[in-house]
Amino acid sequence: MGTMGDGREPVRVLVVHADARTRADLVGRFAIPGETVVVGDTPADPLPHVLRLRPDVVVLDDPAFAPALDKRCRVLVLGADLPEAGEPMDLIRAVRAAAKAGLGLSAREAEVMDLIASGRSNGEIARELYLSEKTIKNHVNRIYAKLGVPNRAVAIALWRGVLAERVLD
């Protein structure tokens, strides 16, 4: 498993969807080298696959499976229209945010932190997420407080290391 140029490990994803065609489409969307690696897919109960494959994130179509997976990995439940409408990088950002939510950050804070770690400025993040720069600054301050870090550089170093540690466990 290779790392991205910025030191991040690919997110290990298990895709769960009842419809074989949609499942295959999602597997294809997550096949982006360096960002995600699909470790498996299933149309039904993901728990046996989670125990065997140890994904970072399970992408689900049915939220009924989520409670059984809660302590074992992060879960991303897709909305009914997301498989058709979602851009691959939007899905990957959501998966990466779900994978890193274990640091105590909200999904939005994890998304902001992922963009910070990719080198974007607050202004660039604000434009990309269609938020004000003041809102991004508020997110950044909450992120620093939750991570217990003094600045952007330390936050980025921590952020890049967390996923790698989890994948190598």
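The values are calculated or read from the model by the stated rules, or taken from the named source; none is laboratory data. Small disclaimer: the values here were computed from a predicted structure and weren't measured. Side chains are part of the model used for accessible areas, which takes the heavy atoms of the whole protein and leaves out ligands, DNA and RNA. Shrake-Rupley method; radii C 1.70, N 1.55, O 1.52, S 1.80 Å.
List of remarks:
- Failed criterion for residue 90 (all others in (1) under 9 Å from the mean Cα position of the chain (by Cα); (2) at pLDDT below 80; (3) not small (Gly, Ala, Ser) hold): (1)
- Among the residues making up region 103-143, those that are open to solvent by less than 40 Å² (accessible area, probe 1.4 Å) and farther than 21 Å from residue 35 by Cα are 122, 123, 126, 136, 139, 140, 143.
- When region 22-71 is filtered for residues that are part of a helix (DSSP H, G or I) and among the β-branched types (Val, Ile, Thr), the ones remaining, listed by number, are 22, 27, 50.
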